[in-house]
Amino acid sequence: MRYEAPRKLKRAVALLSAESGVARVLAGGTDLLVQLRSERIEPDLILDIKRIESMHAIAAERGGYRIGAAVSCAALGEHAGVKQLWPGVVEAATLIGSTQVQGRATMAGNLCNASPAADAAPALIAAGATVAIAGPGGRREVPAEAICLAPGRNALEKGEIVESLYLPARPERSGDAYLRLIPRSEMDIAVVSAGVSLSLDAAGRCSAARVALGAVAPRPLRVEAAAAALIGSDLDEAVLAVLAAACAAACDPIDDKRGTVEYRTEVAGVLAKRAAVIAQTRAGGAA
Amino acid sequence: MPLDHPQDLTIKDFKIVGQRPLRPDGIDKVTGRARFGADMNAPGMLVGRVLRSPHAHARIKSIDSAKAEALPGVKAVVTGADFGAVKDGLDDGMLDVLVNCMAQDKALYDGHAVAAVAAISQTVARQALKLIEVDYEVLPHVLDVDAAMQPDAPVLHEEAADESVPAGFSKNVVRRYEFGHGDVAKGFAEADRIVERRFKTEAAHQGYIEPHACLAAMGPDGQAELWVCTQGHYMVRNTCAALLGMDASQLRVTASEIGGGFGGKTTVFIEPLALALSRKAGRPVKMTMSREEVFRATGPTSSSSIDVKIGMTREGRITAASGELRYQGGAFPGSPVEFGAMSAFAAYDVENVKTVGWDVVANRPKQAAYRAPGAPMAAYAVESVIDELCKQFDLDPLSVRLKNAAVEGTTSSFGVTYGKIGLSATLEAARAHPHYSAALGPNQGRGLACGFWFNFGGETCVSLNVNADGTVGLSVGTPDIGGSRASMCQMAAEELGIAYDKVRTVVADTASLGYNDVTDGSRVTFASGLATIQAARDAIRKLCGRAARMWGIDEDAVIWEEGYAKPAGGNAGSFEPLSLAEIAAVSARTGGPIAGHTEVNADGAGQSFATHLVDSEVDPETGKVKILRYTVFQDAGKAIHPSYVEGQFQGGAVQGIGWALNEEYIYGEDGRLQNPGFLDYRVPVASDLPMIDTVIVEVPNPGHPYGVRGVGETSIVPPLAAIANSVSAAAAVRMTHLPMSPPRIRKAIEEAAGR
């Protein structure tokens, strides 16, 4: 097993492209090291991206923020600008693992680990975040929902590496929220999760919305029917019931050690409702 | 001698006992200097690893280790065949331990050891495991206790059942126990109301943070040493000596510091394998379990299925009680169902009572003791039914328990007549506590439950050496799993009249001190404490003798008071009192070293009782529970070091919270454990918990010189019940299946709404 820690992105891409065996990217390592120690994986190359300076930057860009792939969740959690613009995304970042884990873990890594239950995914999908990918063929930018293809399988091609995440600008009177159900209070993986982002018009009515669910299907879901239920409404009880029903209809979960099909389907709607109300409040609307 | 008069416990004015000095092992533990099981190394040491069955039940047709043995760096491979020579000489219990450590003709559970290797590195050892070829014939398996009792269930052992099991049962039913007195039919006829319910609990692991680890070294002459993390190194010595065909004297076992045991380290798993590998390789072998191995192959406690029926008058008097308890104890006989059946109704004075316990085997790891083994599940069922009756009659659950509480002179359901006990005192303390009358909000509920544990004494040996500089070295043989070295120092210092920090307690190895039973049964502060006090008194007798010699008077004319030898009275002569240090300083001239000893099979441990009070809140939409407030009231007899008593109370409550809410062994259809790690085997984390409040009740135990009762186990008996009562109140539905995970609570709420 080789360990490489290049200082340039180009070099990282070259190393990944040249590796004939199994290569794994190390950002925070909070998933990778666990998999190594439990002997689930035996990679030939471990490529550490933490020495690449640009990967650590959080930069303002076109009214939004570009977040380097090696930015830790803790650093994101302390960034006043991102927190103000996308509180729901930061909320998700600071729910991953524990305080100590957040000092290492990254949003990009959480996304690339491709767990359907990843906390990063629903919040980023709801936010309409995009992911910048560098590779031997150049750079491409894809929506956050395109990263996880199936449990443990991401959309990166050979030699590709996530460079940064981009959180876009948003209109006045916008808010987002992320909620997850875990049986404990921390150090756990979502049994069900929901992210909601919305904007309100001057009258307080919902003018735009995105809804995403985690842990209810082989990959995190963007639920357009649920968002459609919100748009044009002021999120009254009846609308929230439609939202919950749309979420439940989108669910395609499994029975496993963390929860049942029935439970996940039902609680997805409960969390989406609650997240929508929080997002509405954050947008300055009536709770 | 004046030393022998019985202590009057009510007026004993303790100077050191009851204080809260720093524990002697504290600095080492917080700085990382303390050495645990995996912290010992030896020159030339090899790495030992175990190959485990991926099948829940399979016949082992053959094992071919030739390729592994041929791999460079592999120094030894052992399989079941390596233990063939000793098998015939072992009794049934010891044979089960052997077969659990290393499968013989069948793999009986997912994770069952089938071979072990010793190699020069982790990498080589891992490769070697992959080269061992095991030919399995996969057999049907059974995991659930009720399913395992069905007549057509897959059978684990053809001949494990004894004559207590009536004809017609599955061969997986291996023992039947029965306890009780009176006439339950008559009692039920006298009741105004009868409630009968079935409860289920899932298997919970002790969850100690330190995985099993040991370092074994055997020389060509057969002399061996073993460094190991264990609750009982004499047990390890005797067991390993039997399994390896050695004399006990040839094996010296040293207990490391221990990162938690809770009963789970009262047996052996990897230790005989490490010794067998070391014997074969001629080099030291270190073995360390991974967390996954700990979950798959060491003992959780039993899962259970229990029927309880209680009859009560409208005034709250229990007229009859009966219970049928079924525990699966994994792949071998020995589930703690006997303790469950004995303890179920032990907190109450019931005229007509009967319990039947069924010990059942299933394709799971062999259960190991877990804190008050067998009692928490039984208490859960019994206290839930009492709670339900109280609700139906609209009676105060505390008053009803007080009305039925066992007291001094009560003949228990398991036959013993109690001496002085403290159950009523814990209930009175709970009633007087602000928690009992605190206000509750919406979706919140309060639960109350009582619990009992037997407590144990057992074989104990202690040496106390008086050093020439006036300090004292105390050797005990019971590994310290809860602050016992501090408590021993306190008791020795109290007796000798010297300062706490003048006494140092060590856990001696098996060659340095006589036999000691395992640290279990909440026995150490009681039994090693009693032996320490007696050893100190033995030393005092000798100190008085030396003082007599220094003064030239009769030994009988010297008394010991508050740390000094003094002339017994005017007739004895007039001499300045001599301190321990003054006598010790000249011991070389008065007869040589001064030491006190005790060898005892301690009796009179004194039963222990507790009452727990808990408030919880249930989110009705998600089924998630939050524990809001928790208070433990328990009789400690006499708290030697109150902080460590409180720690035991809190620890038991927290482990109970985990067991009640989220901890469970989850298996797939294939019989493989799905959650062998702390991510999905959910013990509570600190942020899940409120501060666990504690109230120490002291009803002295007449069987101990200071009144000590063991406290380590009783604290996990009431929580399952108290939390279930609290959650059932908060969710407005009776929860009859533990753990009460969010999906289970949601389902119960939905089913109740549908009714």
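Points worth noting:
- Checked against the criterion of being under 16 Å from B:T631 (Cβ atoms) and open to solvent by 10 Å² or more (accessible area, probe 1.4 Å), the candidates B:V711, B:V733, B:V717 yield just one match: B:V711.
- Among the residues of region B:195-232, those identified as β-branched (V, I, T) and crowded, with 22+ Cβ neighbours inside 10 Å are B:T201, B:V228, B:T230.
- Looking only at region B:401-419, and only at residues there that are out of contact with any Cys (no Cβ under 6 Å at 6 or more places or on another chain) and either closer than 19 Å to B:L613 by Cβ or acidic (D, E) (or both), the one that is most open to solvent (accessible area, probe 1.4 Å): B:E408
- Looking only at region A:65-80, and only at residues there that are open to solvent by 20 Å² or more (accessible area, probe 1.4 Å) and part of a helix (DSSP H, G or I), the one that is farthest from A:N110 (Cα to Cα): A:A80
- Selection within region A:233-262 - open to solvent by 10 Å² or more (accessible area, probe 1.4 Å) and within 9 Å of another protein chain (Cβ to nearest Cβ): A:D256, A:K257, A:R258, A:T260, A:E262
- Selected residue [at pLDDT 95 or above, in a loop (DSSP other than H, G, I, E, B) and of a type in the set (K, R)] from B:K200, B:K186, B:K171: B:K171
- Residue in region A:204-217 that is outside any strand (DSSP E or B) and within 14 Å of another protein chain (Cβ to nearest Cβ) present: yes
- Criterion applied to A:A286, A:A194 was being open to solvent by less than 60 Å² (accessible area, probe 1.4 Å) and either at pLDDT 95 or above or away from chain B (no Cβ under 12 Å) (or both), and the one residue passing it is A:A194.
- Among the candidates A:R62, A:R7, residue that is loosely packed, with under 15 Cβ neighbours inside 10 Å, touching a residue at least 40 places away in the same chain (Cβ under 8 Å), within 23 Å of A:R170 (Cα to Cα) and away from chain B (no Cβ under 14 Å): A:R62
- Test: A:A227 is in a loop (DSSP other than H, G, I, E, B) and in contact (Cβ under 8 Å) with a residue 12 or more places away in the chain: no
- Output for region B:590-622, where each listed residue is in contact with a helix residue (DSSP H, G or I) (Cβ under 6 Å, 6 or more places away or on another chain), of a type in the set (G, A, S) and either more than 30 Å from B:L402 (Cα to Cα) or away from chain A (no Cβ under 14 Å) (or both): B:G596, B:A602, B:A605, B:S608, B:A610
- Subset of region A:103-118 [open to solvent by 20 Å² or more (accessible area, probe 1.4 Å) and out of contact with any Asp or Glu (no Cβ under 7 Å at 6 or more places or on another chain)]: A:G103, A:R104, A:C112, A:S115, A:P116
- Hits in region B:12-31 - residues which are of a type in the set (K, R) and farther than 18 Å from B:K638 by Cα: B:R23, B:K29
- Here is the figure for region A:133-162: residues that are in a strand (DSSP E or B), open to solvent by less than 40 Å² (accessible area, probe 1.4 Å) and either over 18 Å from A:L47 (Cα atoms) or of a type in the set (D, E) (or both) total 4.
- Set B:A565, B:A584, B:A531: member being open to solvent by less than 10 Å² (accessible area, probe 1.4 Å), closer than 30 Å to B:V506 by Cα and touching a Gly at 6+ places or on another chain (Cβ under 9 Å): B:A584
- Residues of region B:432-468 classified as closer than 30 Å to B:E621 by Cβ and surrounded by fewer than 24 Cβ atoms within 10 Å (Cβ to Cβ), total: 12
- Scanning region B:736-755 for residues that are surrounded by fewer than 20 Cβ atoms within 10 Å (Cβ to Cβ) and of a type in the set (A, V, I, L, M, F, W, C) turns up B:I749, B:A752, B:A753.
- Each residue in region B:672-708 was checked for being hydroxyl-bearing (S, T, Y), under 21 Å from B:H205 (Cα atoms) and crowded, with 18+ Cβ neighbours inside 10 Å, and 1 of them qualify.
- Filtered by the rule that a residue be more than 27 Å from B:S616 (Cβ to Cβ) and either of a type in the set (A, V, I, L, M) or within 12 Å of another protein chain (Cβ to nearest Cβ) (or both), region B:675-700 gives B:P676, B:V699.
- Candidate set: region B:556-595, residues that are part of a loop (DSSP other than H, G, I, E, B) and of a type outside the set (G, A, S); chosen: the one nearest to B:R537 (Cα to Cα): B:E562
- Yes/no for A:D176 being surrounded by 20 or more Cβ atoms within 10 Å (Cβ to Cβ), away from chain B (no Cβ under 14 Å) and over 12 Å from the mean Cα position of the chain (by Cα): yes
- Among the residues of region B:487-506, those that are farther than 15 Å from B:A581 by Cα, crowded, with 24+ Cβ neighbours inside 10 Å and hydrophobic (A, V, I, L, M, F, W, C) comprise B:M488, B:C489, B:M491.
The values are calculated or read from the model by the stated rules, or taken from the named source; none is laboratory data. From a predicted model like this one, the values you see are computed outputs, not experimental measurements. Reconstructed Cβ throughout: ideal geometry from the backbone, glycine too, with neighbour counts over all protein chains shown. Side chains are part of the model used for accessible areas, which takes the heavy atoms of the whole protein and leaves out ligands, DNA and RNA. Shrake-Rupley method; radii C 1.70, N 1.55, O 1.52, S 1.80 Å.
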